[in-house]
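**Q** Would you mind keeping the following structure in view while I ask a few things?
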Amino acid sequence: VTANTPLVVASLSNARNLERSSALGNIVADMIRTRLAQTGHKTSEVRLRSAMSLRKGDGEFLLSRNRNALMFAPTAAAVVTGTYATSYEKVYVSLKLISTTDAHIIAGADFVVPLGDVLGLIDAKGA
């Protein structure tokens, strides 16, 4: 993977239910996306709207998870994805950089954080 390799970062999934995430899974993905861009990697924002959404009293929004409102589907040579799982005291996070051509795991990283530090980011839906 070089700086010119097109990358996409997905929300981290709950290890107990891969179809679910939480604010924790979303913010970790955002932080990875930001860091990749800061280091010069070609990273696409998959949630970019085709037009700005204006909501009186709320603000102006350019990100969405509504497929019909999105700008385009970016192509990627590799994706960053991962899972998280909670225990009574800790949150375990596993990240992988995966090739989109053959599903080969190119790189990975794991880390553990105290549950108390991120408890507000995990709700009943994502726990």
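The values are calculated or read from the model by the stated rules, or taken from the named source; none is laboratory data. What you are looking at is a predicted structure, and each value in this text was computed from that prediction instead of being measured. FYI the Cβ positions are ideal-geometry reconstructions off the backbone, even for glycines, and counts take in every protein chain you see. We work out accessible area using only protein heavy atoms, side chains counted, and drop any ligands, DNA or RNA first. Shrake-Rupley method; radii C 1.70, N 1.55, O 1.52, S 1.80 Å.
**Q** Do you know which of the residues in region 75-127 that are polar (S, T, N, Q) and open to solvent by less than 50 Å² (accessible area, probe 1.4 Å) is farthest from ASP30 (Cα to Cα)?
**A** Only one residue fits best here, namely SER87.
**Q** Could you grab me the full set of residues in region 45-60 that are surrounded by 13 or more Cβ atoms within 10 Å (Cβ to Cβ) and either more than 25 Å from LEU7 (Cβ to Cβ) or of a type outside the set (Lys, Arg) (or both)?
**A** Residues satisfying the conditions are GLU45, VAL46, LEU48, SER53.
**Q** Going by the conditions given, is ASP30 closer than 30 Å to THR2 by Cβ, out of contact with any helix residue (DSSP H, G or I) (no Cβ under 9 Å at 6 or more places or on another chain) and assigned to a helix (DSSP H, G or I)?
**A** For ASP30, the condition - closer than 30 Å to THR2 by Cβ, out of contact with any helix residue (DSSP H, G or I) (no Cβ under 9 Å at 6 or more places or on another chain) and assigned to a helix (DSSP H, G or I) - is met.
**Q** Going by the structure shown, is ALA78 modelled with pLDDT of 90 or more and more than 17 Å from ALA23 (Cα to Cα)?
**A** yes
**Q** So LEU18 clears everything in (1) open to solvent by 30 Å² or more (accessible area, probe 1.4 Å); (2) on the phi < 0 side of the Ramachandran plot; (3) without any contact (Cβ under 8 Å) to a residue 24 or more places away in the chain except one condition, right? Which one?
**A** Of (1) open to solvent by 30 Å² or more (accessible area, probe 1.4 Å); (2) on the phi < 0 side of the Ramachandran plot; (3) without any contact (Cβ under 8 Å) to a residue 24 or more places away in the chain, only one is false for LEU18: (3).
**Q** Something else about it: Which count do you get for residues in region 13-46 that are touching a Ser or Thr at 6+ places or on another chain (Cβ under 6 Å) and either of a type in the set (A, V, I, L, M, F, W, C) or over 19 Å from LYS96 (Cβ atoms) (or both)?
**A** Residues flagged as touching a Ser or Thr at 6+ places or on another chain (Cβ under 6 Å) and either of a type in the set (A, V, I, L, M, F, W, C) or over 19 Å from LYS96 (Cβ atoms) (or both) within region 13-46 amount to 4.
**Q** Here's something else I'd like to know. Which ones in region 51-107 are over 29 Å from VAL118 (Cβ atoms), in contact (Cβ under 8 Å) with a residue 40 or more places away in the chain and hydroxyl-bearing (Ser, Thr, Tyr)?
**A** Listed by number, the list holds a single entry, THR75.
**Q** Of everything in region 61-74 that's in contact with a strand residue (DSSP E or B) (Cβ under 6 Å, 6 or more places away or on another chain) and within 17 Å of ASP30 (Cβ to Cβ), which residue is least open to solvent (accessible area, probe 1.4 Å)?
**A** Taking the candidates together, the pick is SER64.
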